[in-house]
Amino acid sequence: MTALFTTAMTLREVGPGVFEGELDKRWTIGPKVHGGAMLALCANAARTAGGGQPGGPEPVLEPVTVSASFLSAPDPGPMRLLTSFRKRGRRISVVDVELVQGERTAVHAVINLGQPEHYAPCAASGAAAAPLLSANPVLELMAPEPPEHVEPIGPGHPLAGLVHLGEGCDVRPLLSTMRPRDGHPPMIQMWARPRGVAPDALFALMCGDLSAPVTFAVDRTGWAPTVQLTAFLRALPADGWLRIIATCMEIGHDWFDEDHIVVDRLGRLVVQARQLAMVPAAR
């Protein structure tokens, strides 16, 4: 089995609304399965259950919102995804998804399927119409592609022993933004793209949980288990690098929040995500 993101997202339908797949050991942070990868798997199950094929007569309904509660930390290995429709609507459908390993539910997600922003061409100019309003902070901070000095996570990289995702995608964090900030709010910056294919909705959603915990800003670098994560798929990404910024409002002694903004090569907002997680113990 390869470590590619497309392989990690592969599902087999084994019954009505029931899918089997694999939690790949290479899509892990330390020994723990990456939360963003599990969120993307839940979104994939909901989208597959919703039907519609690319290029087919019916539009593909995309996971425009994914709200996931993490109930336990599964091990790499086989898992099942159980889907149940709560609503089938003309514009929005709602699906419950449970990611189960053995007899234990690891993730419970509620997914809204619909159509993300289309960025239709402007009738006057033919160019893609701009949003009616945008306060996107990424464009002034990050170039569309990573600078040459920003190295990918891989052999020899400071994060290689912790972050194993580099085997399946090209992740390039700006390490200077991950260091303790002397009381200043963190703003972790990184670039990412899958290997061998263009980024899609699922990869963009995974990037909504890609950053190292913002607790690095206060020198808390251990495991930070996510309790709840909600992601919005605002648009389908263009081919190329995705730019990611992670910020937070407050790091407490027990809990912290973390926000991700994901922007594509064209400068379009593609994913927003917010999570509540537990602060790692002091070393």
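For this structure, a couple of remarks:
- Where labels lie 7 Å past Cα in the beta-carbon direction, separation of HIS184 and VAL150 in nm: 1.7
- Anisotropy class of the range 5-111 from Cα gyration tensor, a/c 1.5 cut: prolate
- Extended-chain gain in nm, criterion 0.36 nm per residue less alpha-carbon gap, ASP96 and ASP75: 5.3 nm
- Of all accessible heavy-atom area on the range 55-102, the percent that carbon and sulfur account for (1.4 Å): 49
- Note on THR230: accessible area is roughly 40 Å² with a 1.4 Å probe, heavy atoms of protein only.
- Per-residue Karplus couplings for the range 33-46, computed as 6.51 cos²θ - 1.76 cosθ + 1.60 with θ equal to phi - 60°, are listed in order as 5, 5, x, x, 5, 5, 4, 5, 5, 4, 5, 5, 4, 5 Hz, Gly and Pro entered as x.
- Accessible surface calculations at 1.4 Å, restricted to protein heavy atoms, place the chain at 49 Å² per residue.
- Placing a label point 7 Å from the Cα of ARG274 along the Cα-to-Cβ direction, the residues of the range 163-186 whose backbone N falls under 18 Å from that point are 186.
- Of the solvent-accessible surface of the range 147-283, computed with a 1.4 Å probe over protein heavy atoms with every protein chain present, carbon and sulfur atoms account for 55 percent.
- Hz values of 3J(HN,Hα) by residue in the range 169-179 - Karplus curve (6.51, -1.76, 1.60), Gly and Pro given as x: 8, 8, 10, 10, x, 7, 4, 4, 8, 9, 7
- Summarising the label geometry, the points placed 7 Å from Cα in the beta-carbon direction at TRP255 and LEU141 lie 2.4 nm from one another.
- Over the chain, DSSP H runs of length four or greater, each weighted -39,500 (n - 2.57), average out per residue to a 222 nm ellipticity of -3000 deg cm²/dmol.
- Theoretical FRET efficiency, 1/(1+(r/R0)^6), r = Cβ-Cβ of ALA129 and ALA282, R0 35 Å, to 0.05: 0.10
- Here the Karplus curve 6.51 cos²θ - 1.76 cosθ + 1.60, taken at θ = phi - 60°, turns the phi angles of the range 259-272 into couplings of 10, 10, 10, 10, 10, 8, 4, 7, x, 8, 5, 10, 9, 10 Hz, with x standing for Gly and Pro.
- Gyration tensor (alpha-carbon) shape descriptor, the range 1-53, a/c threshold 1.5: prolate
The values are calculated or read from the model by the stated rules, or taken from the named source; none is laboratory data. These figures come from a predicted structure and were not determined experimentally. Note that each Cβ is placed from the backbone with ideal geometry, even for glycine, and that neighbours are counted across all protein chains shown. The area values use the complete protein model at the heavy-atom level, side chains included, leaving out ligands, DNA and RNA. Shrake-Rupley method; radii C 1.70, N 1.55, O 1.52, S 1.80 Å.
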